[in-house]
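So the structure is just underneath, and the comments pick up after that.
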Amino acid sequence: MNNNHKVSVWEPPFIQPHRVGAINKFGNRGAKENVMREIFGVSIDDLVDQFGSPVFVTSEHQLRMNVRKIRRVFERRYNQVIHGWSYKTNYTGAICRILHQEGSWAEVVSAFEYEKARSLGVPGNRIIFNGPHKSKAILERAIAEGAYLQADHMDELKMIEQIASEQDRIVKIGIRINFDTGFTEPWSRFGFNLESGQANEAVKRISMSPHVRLTGLHSHIGTFIMEPRAYGEQVKTMCRFMRDLDDIDHINIDTLDIGGGFPSKNALQRVYLPPDQAVPDINEYADAVCDALVEETRYLEQSGRALPRLIIESGRAIVDDAQVLITSVVGTKRLPDGRRAAILDAGTNLLFTSYWYNHQVQMTREPGGVYEDTVLYGPLCMNIDVVRQSIQMPPLVYGDRLVVSPVGAYNNTQWLQFIEYRPNVVLVHEDTNVSVIRRAENLAVMNAQDEMPAHLSYRTMADEGSLPSGKTTREHLIRR
């Protein structure tokens, strides 16, 4: 449909109760969103015409600007900073390649992600290998290729020792520790707990090993952390633990990895303030981290010792606002409670983050009619397939195109192959040319992994031509 004109929509009369405290036609529905004709400098109509709907659209320029900014704000305050790109946030190959071109290492948490990084040309010594599940086979490869391992639990530590012994080498590793910062709920399922003494037990074991050397500490305090001071407390705790290890033989901590968890400008559900007011600027996080790090490592500088490298593993803050989803309205209705509802061709199969974000939704044509409380549903046969539980929208019609943003973090990794095909993911180059960076699925793709046992090889129950003369499919199978 032509999205460049104002659409007038006729609806039959209806009765809608006005609820106390609810938004209604006598209340404030808020300002209209700006109409979007293009995204990242490219016409939305052209994108849909060429790549279909729904379609994920990614900006190369925004990716590069985001990673340069986050590195710059930390490097201004501390001169030994490594950015590890969090593969689990979005491991589309082109996105990873762009960030590696910008100097980011690969931060991976599985054999799949490790192998993906290597296939993209990342050398082992620029891969940070985290996560609670690392098989012996992938550990053997990672150790042989010089990856930086960060052990998560004692069984993994024992396996690393065994492999190092078998390969007759000394392996430098970090350990993940967890503790209470007082600002966030502790992620105690990962790593060695500091307060209970587990971390000290791990250190003791490593110090006694002839094949493993402890050179780093890793901690990740949570996700979408809205309080920069939490990172200050994290760094202080890690540095003080590092200082406690000074007198232990064979231990020289040269790396502090504070993980990620920095928020994007997305709107968390149940947070009243809009993202521009609720989410602190990245400079506030850099101040909290680097001020604490400089203060707590002053003793090293005074004694002429090298300061530790700082690793940050941000993902969401890099990619979230670098991608949008264009989706189309495929149906509209009135719900029994009087609210409007629209059915989109993209749902929680593609927007898993809809379960905890109120994504921004914008029109691509001039709105017409009264704004009302509207539910945006996806196409799945599931009652929980809801893109937005409540949003003020004008009347929508079949074929309307909507832009949902920001969606770059986790949706291309946590999306589901459920009921619908997954769509094209495209990249807008810095010169505004557009390329597909992940092709849409089709039946051939979905059937490629299926295997058909020989006794099920007949195409249909009615495919009698392939059966012995005079036998039905049922009779033939029973006799067999």
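May I ask you to sort THR255, THR223 by Cβ crowding, counting other Cβ atoms within 10 Å and putting the fewest first?
Values: THR255 20, THR223 17.
Ascending number of Cβ neighbours within 10 Å: THR223, THR255.
Which order do ILE391, ILE251, ILE221 fall in if you start with the one that has the fewest other Cβ atoms within 10 Å?
Working: ILE391 19, ILE251 15, ILE221 23.
Ranking ILE391, ILE251, ILE221 by Cβ neighbours within 10 Å, fewest first, gives ILE251, ILE391, ILE221.
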For this session: Using the Karplus curve 6.51 cos²θ - 1.76 cosθ + 1.60 with θ = phi - 60°, work out ³J(HN,Hα) for each residue of the stretch 413-419 in order, rounded to whole Hz, and write x for Gly and Pro.
Result: 10, 9, 4, 10, 8, 9, 6
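If R0 is 51 Å, what FRET efficiency do you get for ASP244 and GLN50 from their C-beta distance, rounded to 0.05? Kindly include the intermediate steps, with their values, before the conclusion.
Numbers: r = 59 Å, r/R0 = 1.16.
Approximately 0.30, to the nearest 0.05.
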For this session: Step through the residues of the stretch 238-247 one at a time and calculate ³J(HN,Hα) from phi using the Karplus curve (6.51 cos²θ - 1.76 cosθ + 1.60, θ = phi - 60°), rounding each to whole Hz and writing x for Gly and Pro.
Result: 5, 5, 5, 5, 4, 5, 5, 8, 4, 8
Problem set entry | Residue order, fewest to most beta carbons within 10 Å, for TRP105, TRP415, TRP85, TRP356 | TRP356, TRP415, TRP105, TRP85
Problem set entry | Cα centroid separation - the stretch 305-363 against the stretch 177-226, whole Å | 32 Å
Exercise. Which values, in whole Å and largest first, are the semi-axes of the equivalent ellipsoid of the chain obtained as the square root of 5 times each eigenvalue of the Cα gyration tensor?
Worked result: 46, 33, 20
For this session: For the stretch 137-154, take each phi angle, set θ = phi - 60°, evaluate the Karplus expression 6.51 cos²θ - 1.76 cosθ + 1.60, and give the result in whole Hz per residue in order, putting x for glycine and proline.
Result: 4, 6, 5, 4, 5, 4, 5, 4, 9, x, 5, 8, 8, 10, 6, 9, 8, 5
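Under a point-charge model restricted to the Cβ atoms of Lys and Arg (+1) and Asp and Glu (-1), what is the dipole moment magnitude of the chain relative to its Cα centre, in debye to the nearest 20?
Details: 54 positive and 59 negative charges, 143 e Å.
So the dipole magnitude of the chain works out to roughly 680 debye.
For every helix of n ≥ 4 consecutive DSSP H residues, a contribution of -39,500 (n - 2.57) applies; sum these over the chain, divide by its total residues, and give [θ] at 222 nm rounded to the nearest 500 deg cm²/dmol. Don't jump to the answer; show the numbers that get you there.
Numbers: 15 runs with 134 residues, N = 480.
Rounded to the nearest 500, the figure is -8000 deg cm²/dmol.
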Seminar exercise, completed: Non-local residues with an amide H under 5 Å from the amide H of GLY259, with H modelled 1.01 Å from N and Pro and chain starts lacking one, are SER219, GLU313
Seminar exercise, completed: As a percent rounded to 5, the proportion of antiparallel DSSP bridges among beta bridges in the chain is 45 percent
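Which loop-located chymotrypsin sites (Phe, Trp or Tyr not before Pro) does the stretch 235-327 contain, where loop means any DSSP state but H, G, I, E or B and the Cβ has at most 15 other Cβ atoms within 10 Å?
Details: sites: PHE241, TYR272, TYR285, TYR299; in loops: TYR272.
Filter output for the stretch 235-327: TYR272.
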Problem set entry | Built amide H within the under 5 Å cut-off of GLN80, gap 5+ | LEU310
Problem set entry | Given LYS172/LYS236; LYS69/LYS236; LYS69/LYS116; LYS88/LYS172; LYS136/LYS265, the pairs whose alpha carbons are separated by over 30 Å | LYS136/LYS265
Exercise. How large is the dipole of the stretch 131-312 about the Cα centre if only Lys and Arg carry +1 and Asp and Glu carry -1, each at its Cβ, rounded to the nearest 20 debye?
Worked result: 380 debye
Problem set entry | Cut-off under 5 Å, modelled amide H: who pairs with GLU38 long-range | ILE44
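No lab work stands behind these numbers, since they all come straight from the coordinates. The model shown is predicted, which means the values in this text are computed figures rather than measured ones. Quick reminder, even Gly has a Cβ in these numbers, built from the backbone with ideal geometry, and neighbours come from all protein chains shown.
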